[in-house]
Amino acid sequence: MINKNILYSEIENVIRSFDFNQISEERKQTLQPLVDYIQNKVNNKQEIRLNLICTHNSRRSHLSQVWAQTASAFYNVQGVTCYSGGTEATALYPMVVETLQQKGFQIKNISEGKNPIYSIKFSANEHPVIGFSKTYDDNFNPASDFAAVMTCSHADEGCPFISGAEKRIPITFEDPKISDGTPQQKQIYQERSLQIGTEMFYVFSQIKQ
């Protein structure tokens with residue numbers, strides 16, 4: 001069941017550019033455990049909690065959190081709450097904010113400081129994603145009954161046990177940080193955001209309700 005009328009129009013335009021055929025079969029196999037986890041929760045009419053985890057909770061984990069939450073709304077998969085965290089807290093990197101804004105997300109800075117807090121909206125009538133850097137076990141995140149989705153290999157390798165997670169799912173992405181300070185930075189961040197968006201939308205497109 002798809003409810004396409006709830007997202008900001010600029011974001012819908014981006015979604016129309018997503019091509020699931022560009023996702024390799026090998027990559028689809030990597031994504032399948034997340035599909036299976038969500039499907040099992042839907043079948044059992046249970047809440048779905050996804051904690052997207054990366055080392056610094058500054059780039060990939062936030063992009064994954066925002067796109068996954070948006071995908072769940074687009075495909076009208078009920079009871080989904082997406083979180084993010086790191087093995088250490090730093091700050092949501094400003095280029096991530098800019099990248100999402102360029103794709104139509106409405107972002108408001110609601111707290112300044114070394115670790116700013118942002119309201120990230122994909123729809124006028126949906127709860128915003130609250131974006132700030134935190135550890136995966138911060139009390140802002142669920143303590144149990146969640147899937148730990150490891151979005152970077154460093155966190156996946158360095159954190160073999162995630163307390164409270166009922167499922168651990170490695171879905172790693174290349175770090176756009178490699179482009180920081182180069183003329184290609186904006187392009188690389190956009191490419192990574194679109195890859196993550198495409199893959200999160202593929203995952204939720206597979207859910208049968």
**Request:** Please find, among Ser205, Ser111, the residue that is over 15 Å from Cys82 (Cα atoms) and over 16 Å from the mean Cα position of the chain (by Cα).
**Result:** Ser111
**Item:** Evaluation of Glu199 against (1) over 17 Å from Leu92 (Cβ atoms); (2) touching a residue at least 24 places away in the same chain (Cβ under 8 Å); (3) in contact with a Phe, Trp or Tyr (Cβ under 9 Å, 6 or more places away or on another chain); (4) surrounded by fewer than 21 Cβ atoms within 10 Å (Cβ to Cβ) (one fails), failing number
**Value:** (4)
**Fill in**
Counting only residues in segment 154-173 that are outside any helix (DSSP H, G or I) and surrounded by fewer than 14 Cβ atoms within 10 Å (Cβ to Cβ), the one modelled with the lowest pLDDT is identified as Pro160
**Complete:** Within segment 142-153, residues in contact with a Lys or Arg (Cβ under 7 Å, 6 or more places away or on another chain) and in a loop (DSSP other than H, G, I, E, B) come out as Pro142, Asp145, Thr151, Cys152
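The values are calculated or read from the model by the stated rules, or taken from the named source; none is laboratory data. Bear in mind that the values here come from a model prediction, so they are computed numbers and not experimental data. Note that each Cβ is placed from the backbone with ideal geometry, even for glycine, and that neighbours are counted across all protein chains shown.
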